[in-house]
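Below is one structure; the comments refer to it alone.
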Ligand code: AMP
């Protein structure tokens with residue numbers, strides 16, 4: 001595995017290769033969720049590139065940018081074992097200049113759900129993903145459904161800007177107890193972790209109701225609120241796969257999303273129905 005910190009060096013390779021490139025952008029502190037994306041990229045491409053970059057522009061003032069978990073040594077080992085060919089680890093000045101051209105997330109879909117709670121977050125996400133896409137020039141780019149709104153907006157960007165890239169959404173990976181894997185789980189105490197299990201429980205309960213034939217969005221939201229009693233819920237939303245409001249559950253076209261605060265840690269989870 002080659003570790004590259006310089007964008008020119010990366011571009012020299014990606015510009016001159018005829019191989020198919022599978023790309024997995026991450027912010028590091030890698031876990032099984034990330035590894036599942038890397039494995040899929042490994043299966044489907046000749047060259048696999050992973051990036052690790054904690055992108056400052058997607059964090060709002062007061063968020064956890066400064067304390068975001070950093071595990072470079074373990075991450076390098078994980079990538080090596082997962083068969084990554086190139087690990088790109090740039091620093092901030094390598095990726096950003098001053099007074100830059102920026103891009104804006106779409107005015108509606110980029111500013112609902114997480115974009116409502118974190119206004120501007122998706123501007124930063126799209127900015128860095130576009131920069132990384134331009135450096136890597138991937139054939140296929142892999143994103144987790146864990147960040148449902150993110151992958152939907154990235155697909156939209158690719159479509160709107162005519163980028164010649166396939167964006168592939170990959171299943172959300174959970175631990176044995178059902179907790180959605182996230183680098184931010186490292187912030188949780190063991191009591192908070194137990195509390196956090198209510199999140200996936202609520203999504204499981206919602207699924208059970210739907211399987212039993214209940215397609216009523218308000219009833220499902222209410223049942224989820226009850227399962228998450230005691231938790232500071234930011235939102236429970238039920239939308240279509242292109243983030244539009246739904247009147248009732250539509251099988252194969254519904255995402256149920258949850259965002260909560262457990263202590264000071266913000267967690268998101270979702271299920272695609
Ligand atoms: P992050 O490092 O949190 O920016 O995530 C990098 C990529 O990994 C994104 O496409 C995430 O959606 C994906 N990812 C993070 N957690 C999971 C998970 N539990 N299951 C599947 N994909 C995940």
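Please treat every number below as a calculation from the coordinates, not as lab data. Just so you know, these numbers come straight off a predicted model, no measurement behind them. Here the Cβ positions follow ideal geometry from the backbone for every residue, glycine too, while neighbour counts run over all protein chains shown.
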> What is the Cα centroid distance between region 1-44 and region 245-273, reported in whole angstrom?
Replying inline: 29
> With the Cα gyration tensor of region 160-233 giving a ≥ b ≥ c as the square roots of its eigenvalues, does the rule (a/c under 1.5 for rounded; else a/b larger than b/c for prolate; else oblate) give rounded, prolate or oblate?
Replying inline: oblate
>> Nearest 10 degrees is fine. How inclined is helix 32-44 to the longest principal axis of the chain, computing both from alpha carbons?
In response: 50
> Along the Cα-to-Cβ line of residue 204, 7 Å from the Cα, sits a label point; which residues in region 163-194 have backbone N less than 12 Å from it?
Replying inline: 175-180
> Name the residues of region 238-273 whose amide N is less than 15 Å from a point 7 angstrom out from the Cα of residue 189 along the C-beta direction?
Replying inline: 262-265
> How large is the helix-only mean residue ellipticity at 222 nm for the chain, computed as the sum of -39500 (n - 2.57) over DSSP H runs with n ≥ 4, divided by its residue count, in deg cm²/dmol to the nearest 500?
Replying inline: -11500 deg cm²/dmol
>> Starting from the 7 Å offset along Cα-to-Cβ, what nm value, one decimal, do you get for the label separation of residue 215 and residue 91?
In response: 5.6
> Over what distance in Å are the Cα centres of region 86-138 and region 157-176 separated?
Replying inline: 15
> So for the pair residue 81, residue 46, with labels modelled 7 Å out along Cα→Cβ, what separation do we get in nm?
Replying inline: 2.9
> Applying 1/(1 + (r/R0)^6) with R0 = 25 Å to the Cβ-Cβ distance of residue 134 and residue 108, what FRET efficiency is obtained, to the nearest 0.05?
Replying inline: 0.45
> Using the alpha-carbon atoms, what tilt in degrees (0 to 90, nearest 10) does helix 217-227 show relative to the longest principal axis of the chain?
Replying inline: 90
> Label residue 241 and residue 225 with points 7 Å out from Cα along Cα→Cβ: what is the distance between them in nm?
Replying inline: 3.0
> Between residue 175 and residue 99, what is the FRET efficiency for a Förster distance of 41 Å, r being their Cβ-Cβ separation, to the nearest 0.05?
Replying inline: 0.40
> Efficiency by 1/(1 + (r/R0)^6): what FRET value for residue 232 and residue 73, r their Cβ-Cβ distance, R0 = 30 Å, to the nearest 0.05?
Replying inline: 0.30
> Relative to the longest principal Cα axis of the chain, at what angle does helix 190-211 sit, 0 to 90 degrees, rounded to 10?
Replying inline: 70
>> Of all beta bridges DSSP finds with both residues in the chain, what is the antiparallel percent, to the nearest 5?
In response: 50
>> Per-residue counts of other Cβ atoms within 10 Å, averaged by peptide: what ranking do you get for 172-184, 54-66, highest first?
In response: 172-184, 54-66
> Shape of region 2-170 from its Cα gyration tensor (a ≥ b ≥ c, root eigenvalues): rounded if a/c is under 1.5, otherwise prolate when a/b > b/c, or oblate?
Replying inline: rounded
